[in-house]
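Asks: Quick one: the structure is below, questions incoming.
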Amino acid sequence: MTTQDSRNPLTVAVIVGSVRQPRIGRLVADWFTDRATRRTDVRVDLVDLAEVALPLADTPPGGNPDSPIADRLAAADGFVVVTPEYNHSFPAALKNAIDWHHREWAAKPVAFVSYGAGSGGIRAVEQLRLVFAELHAATIRTGVVLTAPWERLDQQGRLVDDGPLGKAADATLDELAWWGEALRTARRNRPYGS
Ligand SMILES: Cc1cc2nc3c(=O)[nH]c(=O)nc-3n(C[C@H](O)[C@H](O)[C@H](O)COP(=O)(O)O)c2cc1C
């Protein structure tokens, strides 16, 4: 379903939250991005944190104006955070990237694609909701939960997109697009925090 005017697509930043090597996170993000690019109502910007230098020592309160990805995050109308679960939480690199920024997140929707061994990463997502609330972002209910995605790879190493998984991705994008359009209009009518 495409609910948004295709002449005015929403910009969605898909953020790859795991940076270790090797990792499965980029494969998961590539699958989701491929799914999203079939739509006409969103335009995807894939932000792979493994490709961005965000030193741990440079996180002032309120965000760092020297961020190499601030412009890309600011241009986004919504976010999809692709996160694994590490020790019942989310990766340190992802927290660092969140902390590097501030106003870039505000008054925008955030969806989650999570994965992990047993729980599909849901504990990481529940904790991320608390963090994004502090940043005035609106986390959405619907998301993709992937249990043991490494068992879903085909011979080319791509994630096998069965029926339920594809439906979960589409439902997530539908909801993100609704919130993205609503909040984009709201921000234009009245800049957030004014
Ligand atoms: C430091 C670390 C802690 C982990 N803790 C959990 C965990 O608490 N729950 C879980 O389901 N999987 C856990 N795992 C397994 C990960 O889900 C699995 O390694 C996954 O591939 C990690 O994503 P990545 O490859 O994109 O980094 C952990 C993995 C690592 C590296």
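The values are calculated or read from the model by the stated rules, or taken from the named source; none is laboratory data. Computed from a predicted structure; not experimentally measured. Heads up, the Cβs are rebuilt from the backbone with ideal geometry, glycines too, and the neighbour counts pull from every protein chain shown.
Asks: Could you list, in sequence order, all residues of the range 167-194 that are more than 17 Å from GLU104 (Cα to Cα) and more than 21 Å from the chain's Cα centre (by Cα)?
Replies: Listed by number, the list holds a single entry, ASN189.
Asks: Of everything in the range 143-177, what is of a type outside the set (S, T, N, Q), more than 16 Å from ARG38 (Cβ to Cβ) and surrounded by 15 or more Cβ atoms within 10 Å (Cβ to Cβ)? Give them in sequence order.
Replies: Those that are of a type outside the set (S, T, N, Q), more than 16 Å from ARG38 (Cβ to Cβ) and surrounded by 15 or more Cβ atoms within 10 Å (Cβ to Cβ): GLY143, VAL145, LEU146, PRO149, ARG152, GLU175.
Listed here are the residues, each with its yes/no results for (1) assigned to a loop (DSSP other than H, G, I, E, B); (2) surrounded by 18 or more Cβ atoms within 10 Å (Cβ to Cβ); (3) in contact (Cβ under 8 Å) with a residue 24 or more places away in the chain.
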| residue | (1), (2), (3) |
| --- | --- |
| ASP66 | yes, no, no |
| LEU73 | no, yes, yes |
| PHE79 | no, yes, yes |
| VAL82 | no, yes, yes |
| LEU94 | no, yes, yes |
| ILE98 | no, yes, yes |
| HIS101 | yes, yes, yes |
| GLU104 | yes, yes, yes |
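One line per residue, one yes/no per condition, for (1) of a type in the set (A, V, I, L, M, F, W, C); (2) touching a Gly at 6+ places or on another chain (Cβ under 9 Å); (3) within 16 Å of the ligand (Cβ to nearest atom); (4) at pLDDT 95 or above:
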residue	(1), (2), (3), (4)
ASP71	no, no, no, yes
GLU85	no, yes, yes, yes
PHE90	yes, yes, yes, yes
ALA93	yes, yes, yes, yes
ALA97	yes, yes, yes, yes
LYS108	no, yes, no, yes
ALA117	yes, no, yes, yes
